[in-house]
Amino acid sequence: MRVLAWTCCLLLALAAAAPAVRAAETGRATGLPVPRAVSLGAAEVNMRAGPGERYPVEWVYKRRGLPVEVVDEFEHWRKVRDFEGIEGWVHRSMLSGARSAVTIGKVRTLRRDPEDSARPVARLEPGVVAELGDCRDGWCEIRAGGFSGWIDRRHVWGAGAGDTGGE
């Protein structure tokens, strides 16, 4: 009888914990996955210390299309993280579901096909913001500065394995 009682208590505790686990995987305001990839949808975006206009502006982004990752939600505000790890709150109207990526590290080679031996198309400096296309087999198709081609996925930020976009 004691074993049955303990089993029932354990099952009830697990059932009660299940919604909390689910809440950590989806946004409280949208129900979309968190974290998820989005981009800045305006030429100038204020990042605030908290979710509201009463919080001070800590950073001003001036790069439309810059990829960011939504890591939390509160009403109309999204806590985002950029490729340098900077976090803060942005109004949802300043975000876009368009997929983008930014080159990281050193100068990178954009290639015609998704393989190391493919013909080079362009050389990209660190910090180049690009439209992100399909990613497969460790390569991502991008478009930047009038060029399009493939880049090693490890050389861009914004093309994470769990990126689903949205917003």
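Where a number appears in this text, it was derived from the coordinates with a stated rule and is not lab data. These numbers come from a predicted model, not from an experiment. Please note: Cβ atoms are built from the backbone with ideal geometry, for glycine as well, and neighbour counts cover all protein chains shown.
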Seminar exercise, completed: The ³J(HN,Hα) series, computed from each phi in the range 97-102 with the Karplus coefficients 6.51, -1.76 and 1.60 at θ = phi - 60°, rounded to the nearest Hz and given as x for glycine or proline, is x, 4, 7, 9, 9, 10
Exercise. Full extension from residue 134 to residue 60: what is 0.36 nm times the residue separation minus their Cα-Cα distance, to one decimal in nm?
Worked result: 23.7 nm
For this session: Using R₀ = 45 Å, calculate the FRET efficiency as 1/(1 + (r/R₀)^6) where r is the Cβ-Cβ separation of residue 117 and residue 43; round to 0.05.
Result: 0.70
Exercise. Between residue 107 and residue 25, 0.36 nm times their residue separation minus their Cα-Cα distance comes to what?
Worked result: 26.0 nm
Exercise. Where does the Debye-calculated log10 I(q)/I(0) of the range 39-129 sit at q = 0.14, 0.16, 0.20 Å⁻¹, using only Cα point scatterers of equal weight, no solvent?
Worked result: -0.56, -0.67, -0.90
Seminar exercise, completed: Interchain or sequence-distant (5+) residues whose placed amide H lies within less than 5 Å of the amide H of residue 74 are 79
Exercise. For labels at residue 75 and residue 147 in the simple 7 Å Cα→Cβ model, what's the distance in nm?
Worked result: 4.6 nm
For this session: Quick one: which residues, 5 or more positions from residue 110 or on another chain, have an amide H under 5 Å from its amide H? H modelled 1.01 Å from N in the peptide plane, none for Pro or chain starts.
Result: 121, 122, 123, 124
For this session: Give a residue-ordered list of calculated ³J(HN,Hα) values for the range 131-143 (Karplus: 6.51 cos²θ - 1.76 cosθ + 1.60, θ = phi - 60°; whole Hz; x for Gly, Pro).
Result: 6, 9, x, 6, 10, 7, 6, x, 10, 10, 8, 9, 10
For this session: Collect residues whose amide H, placed 1.01 Å from N in the peptide plane, falls under 5 Å from the amide H of residue 34; neighbours closer than 5 in sequence don't count.
Result: 26, 27
